[in-house]
Amino acid sequence: VPYHLKTYSYGNHPCVHVSWFGAWKFAEHYGLLRLPTEHEWEKASRGNTGYLYPWGNDIDGSRANFGGSGDPWDNGTTPVGFYDGQNYEGFQTTDSPSQFGAYDMAGNVWEWSGSWFNCNHYHRVFRGGSWEDAAGTCNSFTSNSGDQDHAHWYPSATPNNRGFRLVRPISE
């Protein structure tokens, strides 16, 4: 589909307003899929590099969707894989995969993980930052400014900046 036609459709944007329960049920429905643990998510995001972000230590609007990033969807989500180095109607992106080739690990939508926060069994951990958050919250190792190491919330919450990604275990 040509880019200009995509701008009028959100079919290729991340699914939002999804509770942890909804993401978990989606994974269960398709079998052999699950939400990543927070440690798996971080590994996919920055590998062993120690970078702040999946691609390095600096962030700008050509690499990720965050509050004030200046992308064409500045007040909402960008299409999945948008930051791939292409020029979209005058907006130049920078190819920004993680060490393992995963895109959109910084910004766009917070992603639910399969981990409990502090094993309290009330909150689930989510990672990555979102389109409405400051650039610094979109890093690969912390999850929001309210808690130094984790972003967490009730698993029934369905905010407009929360989505998910799934993992499929591979056999050895």
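The values are calculated or read from the model by the stated rules, or taken from the named source; none is laboratory data. Worth saying up front: this structure is predicted, and the values here are computed from it rather than measured. Please note: Cβ atoms are built from the backbone with ideal geometry, for glycine as well, and neighbour counts cover all protein chains shown. For the accessible areas, the whole protein counts, side chains as well, though only heavy atoms, and no ligand, DNA or RNA atoms are used. Shrake-Rupley method; radii C 1.70, N 1.55, O 1.52, S 1.80 Å.
Quick look at the numbers
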{"read-out": "The stretch 1-96 shape via C-alpha gyration tensor axes, a/c threshold 1.5", "value": "oblate"}
{"read-out": "Local net charge near Tyr83, Cβ-Cβ under 9 Å (Lys/Arg +1, Asp/Glu -1)", "value": "-3"}
{"read-out": "Radius 11 Å from Cβ of Ser45, net charge of other residues (Lys, Arg +1; Asp, Glu -1)", "value": "-1"}
{"read-out": "Sequence-separation-based contact order of the stretch 1-80, relative, with Cα cut under 8 Å and 6+ spacing, percent", "value": "29 percent"}
{"read-out": "Residue order for Ile170, Ile59 - accessible surface, 1.4 angstrom probe, largest first", "value": "Ile170, Ile59"}
{"read-out": "Within the stretch 75-113: backbone nitrogen closer than 13 Å to the Asp60 label point (7 Å, Cα to C-beta)", "value": "92-95"}
{"read-out": "Mean separation of Cα contacts under 8 Å (6+ apart) over length of the chain, as relative contact order %", "value": "29 percent"}
{"read-out": "Gain upon complete extension [Phe26, Thr94; 0.36 nm per residue less C-alpha separation]", "value": "21.4 nm"}
{"read-out": "Loop GluC sites (Glu not before Pro), the stretch 62-135 (other Cβ atoms within 10 Å of the site Cβ: 16 or fewer; DSSP)", "value": "Glu89"}
{"read-out": "Linear extension gain, His17 paired with Ser171, 0.36 nm per residue minus alpha-carbon span", "value": "52.2 nm"}
{"read-out": "Å² per residue, accessible surface of the chain at 1.4 Å", "value": "53 Å²"}
{"read-out": "Whole-percent carbon and sulfur share, accessible surface of the chain, 1.4 Å", "value": "53 percent"}
{"read-out": "Over the chain: helical MRE at 222 nm, DSSP H runs n ≥ 4 each giving -39500 (n - 2.57), nearest 500", "value": "-3500 deg cm²/dmol"}
